[in-house]
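Right, one structure below, let's go through it.
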Amino acid sequence: MSDAPYSPSCSPALIQARADLYRSIREFFYRRDVLEVDMPLLGSHFVTDPFIQPIVADNAGTRRYLQSSPEYAMKRLLAAQPRCIYALGKVFRAGERSRRHNPEFTMLEWYRLGLDDHQLMSEVAELVTQLCPDTQVHYLSYHQWFADSLGINPHTCDFAQLRAIGKGLIEIDDTGLTRDDWLDLLVTHKLEPEMPPGLTFIYDYPASQAALAKITPNKQGVLVARRFEAFLNGMELANGYWELTDPVEQRQRFHSDRARRQALGLADVAADERLLQALEAGLPECAGVALGVDRLLLQTTGCTDIGQTLAFADERA
Amino acid sequence: MATYSINDFRTGLKVMLDGDPCNIVENELVKPGKGQAFNRVKLRNLTTGRVWERTFRGNESLESADVIDLDMEYLYNDGEFWHFMDPNTFDQFAADEKAVADAAKWLREQDKCVVTLFNNAPLVVTPPNHVELEVTQTDPGLKGDTAQGGTKPATLSTGAVVKVPLFMNEGDVVRVDTRTGEYLGRANS
């Protein structure tokens, strides 16, 4: 590829690989009778996640948010018209550009009625191994992940112990770091780099990191989030939930996200009342997952920067 | 004094950290699952030369370091300080032993080098990558040993000792890589 500023960020082979990948994904879901749906990119609301920041658009004076995921819209659709659905399209997150991030990227998100997180993990594995044959698949609980590498139980170990381990491995000004921050730091600095090649599922996240997943007791009786993440060759690829369907609990989680945003000095994000109304009307029991399509391309084509998979990465867009 | 937020971080930026001026060598955004963003940053401490990794949160910021690299001419050593001159402004700067450090053994009067100024005082002196210096002391050359093998120590006019081939004699001028201290060849002088 050329270095001229007008030229694409990626090679003709990657343009072709992306088109082939989209086709394979659509065939996978067509064969399973999962319907493709097209969700709005401009939304009146935005996710309350404290660590996802919106790109705000101005539609002739009306504030719109470029969506960071089609999740809320898909759940509203599911509540009204229950059936298995998927969406393949662009999503947006402010301020994210690195070897593995671009502020706009392509997400594959799908919902399966009647499945739980473990059944959905199997389907993710089927999709990924079909797209990249000979991929080894591993399953590990979040607890086991920490126990194997650091010898601690991440759900029950005390804060002082967690902090001491973190301080021993990572140089950081730790003023105000929370328990979840330390867990995340150990994941990014220690556990992720140690991951084996192939596809690894981590499941049963701490309840404090549930996001929009149900919380249930694990075998040891500890409350855990029925959330999983899939890593491909140590790079985060997908995030899934056995979906929370309880509107009261959902309202509570919006509330605590907003409180956390306020404590961090971030702009407030209103709770999406339409999503809450949909949950009150009744979201069917389901599991859902979002998968980063550009990262899948990155990992399967030997690129080193996500920009090499995009026709025009952010700095050339 | 300007401050840089984490979003401004890029390779080559000079910042203050723990009271020392540092050069950013590498900066990587890490963003775990649903967690907050961190930047894993590799910095070179310009005072000690040490490179270390430090992790920052998105809301942190660092003061810029008033650090500048200037091409200067080495003038002379007065026994305590090494004196340099900016050939554009004719401003003179005195560098102490800490700033000159290992560069001292490569400095020949009127040679060009890079002087890194921190708050307008020399912080680091970097000699040219290649210098040509005269051999002032070495054992006599051995005839017939021009082709292969064997080296011997030679003291150069600046005091540096380098390994040179056996055929080199006092008065010869050698070309040396200052980064490795290796003999590169006989100078064409």
Step by step: first the residues of segment B:94-123, then only those that are of a type in the set (Val, Ile, Thr) and closer than 18 Å to residue B:80 by Cβ, then the one that is surrounded by the most Cβ atoms within 10 Å (Cβ to Cβ). Which residue is that?
B:115
Among the candidates A:212, A:296, A:310, A:244, residue that is modelled with pLDDT of 95 or more, surrounded by 15 or more Cβ atoms within 10 Å (Cβ to Cβ), closer than 30 Å to residue A:3 by Cα and touching a strand residue (DSSP E or B) at 6+ places or on another chain (Cβ under 7 Å)
A:296
Filtered residues of segment B:23-40 (kept if touching a helix residue (DSSP H, G or I) at 6+ places or on another chain (Cβ under 6 Å) and either among the acidic types (Asp, Glu) or more than 7 Å from every other protein chain (Cβ to nearest Cβ) (or both))
B:39
Considering segment A:94-107 alone, what residues qualify as being surrounded by fewer than 21 Cβ atoms within 10 Å (Cβ to Cβ) and more than 16 Å from residue A:52 (Cβ to Cβ)?
A:99
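Would you confirm, using the coordinates I've provided, whether residue A:91 is of a type in the set (Val, Ile, Thr), within 26 Å of residue A:180 (Cα to Cα) and buried (at least 19 other Cβ atoms within 10 Å of the Cβ)?
The answer is yes for residue A:91.
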If only one of A:32, A:64, A:76 is farther than 30 Å from residue A:260 by Cβ, surrounded by 12 or more Cβ atoms within 10 Å (Cβ to Cβ), of a type outside the set (Gly, Ala, Ser) and at pLDDT 95 or above, which one is it?
A:32
Scanning segment A:134-164 for residues that are assigned to a helix (DSSP H, G or I) and of a type in the set (Phe, Trp, Tyr), the one surrounded by the fewest Cβ atoms within 10 Å (Cβ to Cβ) turns out to be A:159
Among the candidates A:265, A:288, residue that is within 13 Å of chain B (Cβ to nearest Cβ), within 25 Å of residue A:96 (Cα to Cα) and not in a helix (DSSP H, G or I)
A:265
How many residues of segment B:90-126 are outside any strand (DSSP E or B) and among the aliphatic types (A, V, I, L, M)? The answer is 6
Quick one: residue A:204 ticks every box in (1) more than 19 Å from residue A:146 (Cα to Cα); (2) in contact with a Lys or Arg (Cβ under 9 Å, 6 or more places away or on another chain) except a single one, so which number is it?
(1)
So residue B:43 passes all but one of these: (1) surrounded by 14 or more Cβ atoms within 10 Å (Cβ to Cβ); (2) away from chain A (no Cβ under 14 Å); (3) more than 18 Å from residue B:103 (Cβ to Cβ). Which condition number does it fail?
(2)
Being touching a residue at least 40 places away in the same chain (Cβ under 8 Å), crowded, with 17+ Cβ neighbours inside 10 Å and over 22 Å from residue A:109 (Cβ atoms) is the requirement here; does residue A:226 meet it?
no
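Got at least one residue in segment A:169-180 being away from chain B (no Cβ under 14 Å), at pLDDT 95 or above and out of contact with any His (no Cβ under 7 Å at 6 or more places or on another chain)?
no
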Going through segment A:49-61 in order, the residues found to be loosely packed, with under 14 Cβ neighbours inside 10 Å and either under 19 Å from residue A:33 (Cα atoms) or modelled with pLDDT under 95 (or both) are none
Hey, any hits in segment A:140-147 for a residue that's more than 14 Å from chain B (Cβ to nearest Cβ), in contact with a Phe, Trp or Tyr (Cβ under 9 Å, 6 or more places away or on another chain), more than 28 Å from residue B:28 (Cα to Cα) and not β-branched (Val, Ile, Thr)?
no
If we keep only residues of segment B:54-80 that are outside any strand (DSSP E or B) and within 12 Å of chain A (Cβ to nearest Cβ), then the residue nearest to residue B:29 (Cα to Cα) is B:58
Kindly evaluate residue A:283 against the criterion of being over 29 Å from residue A:190 (Cα atoms) and more than 14 Å from chain B (Cβ to nearest Cβ).
yes
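The values are calculated or read from the model by the stated rules, or taken from the named source; none is laboratory data. Bear in mind the structure is a predicted one, so any value in this text is a computation, not a measurement. Cβ atoms come from the backbone with ideal geometry, glycine included; neighbour counts cover every protein chain shown.
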